[in-house]
Structure formats: structure tokens, C-alpha cells
Amino acid sequence: MRGEPVSDGPVRREPGDARPAVPATRQNLREQVARALRDALVAGEMRPGVVYSAPALAARFGVSATPVREAMLDLAKEGLFEALRNKGFRVAEVSERDLDEIIEIRRLIEAPTVARLAREGRAAEAEELRPLAREVVAAAARGDLLAYVAADQRFHLALLGLSGNARLVETVRDLRARARLYGLRGLPDTRMLVASAREHLGLLDAVVRGDAPAAERLTHHHIQQVRAIWSADPPR
């Protein structure tokens, strides 16, 4: 790794976008800062390998360093940052191989789970997720990347949640969080994002009509397409 550059003002966002609301409890501030940091990772505004100091981020957010440090420690537990003694927090790095492995594991977990939901006749419960699927499409159409990622995650985790397996959902949540470290710097044009977003509706249709083979096939395809969105390299 090339050195450990330190940034004193890393997150370039519009004024107020990431500022935690005031007044707020310390726990609320911690959660809001963590959410702002996740958004910055997704948007590629915090670079892998760069070290960020809690005091500098606290000044940026207009809060004390304590909730920022606590939020970064929380994200370090998720593998998104590395805590460096007397230096700050370094954004963890994800290689092309890491991303390929994450995608492979997601396919192995999610595709059979979604197929099982279709076989079990969970049409009514799945249909309740349609507004969320449409929200994903709407966010993609207007080019709102952060809203797209947030809605996409809610949809997939809610769909998997119908399985009743909380550990499975948490595992996928963790895998998705690690993939976020890649950021959206290599994002293709909006048309590709919209096409991926619309796949949520097709996937939902397959579950609703009880078509397990189609649900499994569409899940495999959709997750593999994510490989193209989260990296400039084409899916393998």
C-alpha cells in the first residue's frame, strides 16, 4: 500500500447534506454520522487507503469528536474502516477478487432463498414490496445514486426477510456493506442503472406468480449485473 495519506476535509457534500440534526441525543448523532459516512463511501467521496481523523470529520459535521469516533468504531466492526492507533481511521480496501467473491457468495445465498419463497406461495407478502421496487426504479431514473442504493438494499433485505432467517439477512447485509467500499466511481450511464432497477419488478413478478426457476434465474442475473455497476470491469 502506498503510504497513509491523511485527509482533513474529505467528504465533499452540499452544506447540510450530512450534518446530523441538532438538537439530538448522542446516540442519534452517532447513528446519523455513521449513515453520513456510509453515504460518503457509496458515493466514492472517501477513498480506500486514506486515513481520516475523527476531529476533522467532527468539524465538518458540526458535532463533537466523540460521536464521530464512536460511529467510525462501529463501522470498523463492519469492516468498512480500520482503526489506526494515534492516527485515525483508514477506509478499508476491496480488490477485484474481493468483489468477485462477495458476488459469488450473494448468488449462492440469495438465489435459492428467493426461489424457495416463490415455491412457498408467498405472493401476498411479496406483493407488498412492490412500492419499494418502484422506489428503486424512480431513484435510478432521476440519477439519485444514494437513494437508489438505500432503496435497493431495503428491497433485497425485505425480500430475503420473508424467509424468516434473520442470520441470512444479516449476512447479506454485511456482504453488501463490504461491496460498498468500491464506491460508485465506476458507475456506467443512467440507462444501465435504470435497467438494473427494473429487474427488481421482474424478480418480484416471478415470486408473486410462484415461478421458482424464473425467480432463481433472475436473482442470479441481477446480482451478477451488480458486478458491472460496482466496478468499471465487466462482469465475469
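Residues in segment 67-97 that are at negative phi, of a type outside the set (Lys, Arg) and open to solvent by 60 Å² or more (accessible area, probe 1.4 Å): Leu73, Glu82, Ala83, Glu93.
Counting only residues that are touching a strand residue (DSSP E or B) at 6+ places or on another chain (Cβ under 8 Å) and either among the aromatic types (Phe, Trp, Tyr) or in contact (Cβ under 8 Å) with a residue 40 or more places away in the chain (or both), segment 54-108 holds 11 of them. Scanning segment 167-200 for residues that are among the aliphatic types (A, V, I, L, M) and at pLDDT 80 or above gives Leu168, Val169, Val172, Leu175, Met192, Leu193, Val194, Ala195, Ala197.
Restricting attention to segment 99-122, does a residue exist that is within 17 Å of Leu201 (Cβ to Cβ) and part of a loop (DSSP other than H, G, I, E, B)? Yes, the conditions are met somewhere in segment 99-122. All conditions but one from (1) open to solvent by 10 Å² or more (accessible area, probe 1.4 Å); (2) closer than 15 Å to Leu108 by Cα; (3) modelled with pLDDT of 85 or more apply to Val226; the one that does not is (3). Selection within segment 98-108: residues that are of a type in the set (A, V, I, L, M, F, W, C) and surrounded by 19 or more Cβ atoms within 10 Å (Cβ to Cβ). The member of this set that is farthest from Glu216 (Cα to Cα) is Leu99.
For segment 37-60, the set of residues classified as open to solvent by 10 Å² or more (accessible area, probe 1.4 Å) and assigned to a helix (DSSP H, G or I) consists of Arg38, Asp39, Pro55, Ala56, Ala59, Arg60, listed by residue number.
The values are calculated or read from the model by the stated rules, or taken from the named source; none is laboratory data. Note that the structure is a prediction, hence the values are computed from the model and not measured. For neighbour counting, all protein chains shown are included, and Cβ atoms are generated from backbone atoms with ideal geometry for every residue, glycine included. Side chains included, ligands, DNA and RNA excluded: accessible areas come from the protein's heavy atoms. Shrake-Rupley method; radii C 1.70, N 1.55, O 1.52, S 1.80 Å.
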